[in-house]
1. Quick check on the range 1-11. Is at least one of its residues crowded, with 18+ Cβ neighbours inside 10 Å, closer than 21 Å to G226 by Cα and under 19 Å from the mean Cα position of the chain (by Cα)?
2. Of the residues S103, S95, which is farther than 23 Å from Y162 by Cα and either among the basic types (K, R) or touching a Ser or Thr at 6+ places or on another chain (Cβ under 7 Å) (or both)?
3. Against the conditions (1) touching a residue at least 12 places away in the same chain (Cβ under 8 Å); (2) in contact with a Lys or Arg (Cβ under 6 Å, 6 or more places away or on another chain), where does A192 fall short? Just the number, please.
4. Quick one: which strands (runs of 3 or more DSSP E) sit completely within the range 1-95 and have at least 1 residues that are over 16 Å from A234 (Cα atoms), modelled with pLDDT of 95 or more and of a type in the set (V, I, T)?
5. Go through the residues of the range 51-64 one by one and say whether even a single one is polar (S, T, N, Q) and over 27 Å from L140 (Cα atoms).
6. Of everything in the range 12-45, what is among the charged types (D, E, K, R) and within 21 Å of the chain's Cα centre (by Cα)? Give them in sequence order.
7. Could you say whether any residue in the range 148-170 is over 26 Å from E239 (Cβ atoms), touching a residue at least 40 places away in the same chain (Cβ under 8 Å) and of a type in the set (D, E, K, R)?
8. Considering D64, D104, D99, which residue is touching an Asp or Glu at 6+ places or on another chain (Cβ under 6 Å) and of a type in the set (D, E)?
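The values are calculated or read from the model by the stated rules, or taken from the named source; none is laboratory data. Nothing here was measured: the structure is a model prediction, and the numbers come from that model. Please note: Cβ atoms are built from the backbone with ideal geometry, for glycine as well, and neighbour counts cover all protein chains shown.
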Amino acid sequence: MAYTWMLRPDYRTPPAPAGEAVPAGPWRHADNGQVMNGVYERFLPGRRIEVVAIWYGYVLSRCDGPRMPRFTSPLVSAWNPVLAQGLTAGPKAPSPYRDERWSDRWIAEALLYGRKPFGVFTLPVEEAMRWFTRSGGTALVYRAQHTGEGLVRVVAGLSEPYGRLFDVDALIADYRRALPGDLGEEEAEALAAHRTSSPALGYVLRDDAEGSFRRAPLSVRGLTLGYPPHETAARILAEKGARIGV
């Protein structure tokens, strides 16, 4: 049985290059042969879903994880981990990243425009100062450090509580369904405990904020970064050597 790829429109999708300077990658639409560009998903047996993020025919990420159909959010996207980390199809493969600071600039913009709830980025001093000005009047809270190399490192997050930013109940239900037994309950409890906190309060303003973030449960870290929960659940299952819940 063939499982059809479905395009999920997402305004984060980097535009395809103009002209013919960059050769198109191998991924094409089966029906018309056009180059694929965007986030595509297909349902697999066993309540699984496979999601690929493709730029101009090149697969920048691919994940097979449990379906988590209840939860959606404009702050969450398959592009968030790709573009924030500068993932590519290979060391020499074409990519949308124009320079070494591209992903940092993308994170900074994504935070301003409500495409990510939390992020860390490093920019040249002048660019960072402009970002600080633009962030005024938003719900962002940040901490900044001048590195002494003409760069400023910024940790920023939204001040609204998780329970207002996200449908936490839907996400908890999805994790309980996706993860077996105690694994699902552990992540559900962690998410419920964060309901009244916020990305800013938990992982920007507190002492040892970044250390606290590294120690947070995977479900919380994934949500805070705006990563798709099926990817986070797949990682949890892989680390525990477990199977999708039944």
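1. Looking through the range 1-11, none of the residues is crowded, with 18+ Cβ neighbours inside 10 Å, closer than 21 Å to G226 by Cα and under 19 Å from the mean Cα position of the chain (by Cα).
2. Values: S103 fails: either among the basic types (K, R) or touching a Ser or Thr at 6+ places or on another chain (Cβ under 7 Å) (or both).
Being farther than 23 Å from Y162 by Cα and either among the basic types (K, R) or touching a Ser or Thr at 6+ places or on another chain (Cβ under 7 Å) (or both) holds for just one of S103, S95, which is S95.
3. (2)
4. Working: elements: 6-8, 38-44, 48-55, 58-66.
Once the strands (runs of 3 or more DSSP E) in the range 1-95 are filtered for at least 1 residues that are over 16 Å from A234 (Cα atoms), modelled with pLDDT of 95 or more and of a type in the set (V, I, T), what remains is 38-44, 48-55, 58-66.
5. Step one: list which residues in the range 51-64 are polar (S, T, N, Q), which gives 61.
After this cut, where a residue has to be over 27 Å from L140 (Cα atoms) as well, the list is 61.
Within the range 51-64 (the criterion being polar (S, T, N, Q) and over 27 Å from L140 (Cα atoms)), the answer is yes, since at least one residue qualifies.
6. Restricting attention to the range 12-45, the residues satisfying the condition of being among the charged types (D, E, K, R) are 12, 20, 28, 31, 41-42.
R12, E41, R42, listed by residue number.
7. Taking every residue of the range 148-170 in turn, none turns out to be over 26 Å from E239 (Cβ atoms), touching a residue at least 40 places away in the same chain (Cβ under 8 Å) and of a type in the set (D, E, K, R).
8. Values: D104 fails: touching an Asp or Glu at 6+ places or on another chain (Cβ under 6 Å); D99 fails: touching an Asp or Glu at 6+ places or on another chain (Cβ under 6 Å).
Exactly one of D64, D104, D99 is touching an Asp or Glu at 6+ places or on another chain (Cβ under 6 Å) and of a type in the set (D, E), namely D64.
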